[in-house]
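Since every read-out is calculated from the coordinates, none of them should be taken as a lab result. In this text, all values refer to a predicted model and were calculated from it rather than measured experimentally.
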Amino acid sequence: MPTSPAPDAQPGTPLVLVSGSGRSGTSSLAGTLKRLGLHVPQPEVEASETNPRGFYEPQWVIDFHKRHLKELALFNIDSRPAAVDLVSHYIASGAPAAELHGWLSGQLDAAQIVVKDPHAFWFAQVWEQVTAELGVDLRWLTALRHPAEVVGSRDIAYLSSQSDDLRLTKETSNVAGWVHAALLTERAGRGSRRAFVRYGDLLADWRSALAPVQEQLDLAFNTDLATPVSERDHHPVDDFIEPSMRKSQLTWDDVRTPDWLRDMAEEVWQLLGVLTTSPDDEESQKRLDQVHEDYTARYADAVALTFDHTRAASVLAGREARDAQRATVQQLRRDLEQARHDGAAAGAPGVGGREAARILGRAVVRRIARR
């Protein structure tokens, strides 16, 4: 986990790292900071149907995190407690840190930088190490959104075409992933300057929502957030942020998940809410650590309970893979025999080794294409 900065360390270029669970308003938050004068390293990820207003994510950073998570077979809001150790052992090689150092060292011309990526909390140690090496003042900013809304938003964005059974399974998985990501993100920012903001507050009144964030992160904005309403000039953020962006407004009544998981997620949500006004509240942090221990224990119980199911699924998957491989080999043999038959009928010489290899190669390509 990240360490506290040295007492005599001199602040360098402020870099605000926006991280946390996906679909929590991180894009809205990063887009707002960009319009308030912070620099997003270019090029950015392009807008899409799931996020038409833009992501405000540096393409390099997204590719960096996704590539390493893919190598570890991890997901953005992976619910597995063991994932933390997997990442820790993986980054011990120093390779991810070297990559990030090389990229970030070329991005420090701006006075203030904002880097948004919901995957970043997995690599908190790497960001802490590299920013310290470069003299960059790392500051964490987390967008908070109620877990029921996050689950609903992920359903809308990613699961609308899936079966009801899969969507129900993913609801529980996504709530668990939200809890895990929230706990890890909160712990990642300890020891650094940090702030939390509720997504609903940002959409309702972005000036009021970001006033404490500006103070907590010691940022310079291109407008005075304290200006009375009657004296305010129109700001680009006024055209960017609006309440209609909150498309998912589900409650726990709309989400089917185990009672203990619902209660745990709700408690984490409430505790993180305390951190919006007191980012380093000791009692909240202590309770969050206790919840984290409880989550890890309950996850272990769930894994043990489903051991036979998981083992059977693994056996069946292996059997299906072997059957598919056997079918492919049989089809290749039929293709080769057919080629030999066609050649003999045309009076051509027998199929030799190299020619057979070419036939098999073309057959493999056909088989892959059919899949």
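Assorted remarks:
- Straight-line reach from LYS286: taking Cα to Cα under 20 Å and skipping same-chain neighbours fewer than 8 places apart, the aspartates and glutamates in range are GLU186, ASP263, GLU266, GLU267, ASP294.
- Hits among aspartates and glutamates - C-alpha to C-alpha of LYS170 under 17 Å, sequence gap 8 or more where chains match: ASP78, GLU149, ASP155, ASP253, ASP254, ASP259
- Straight Cα distances below 24 angstrom link LYS116 to the lysines LYS34, LYS66, LYS70, LYS247, with same-chain residues fewer than 8 positions distant left out.
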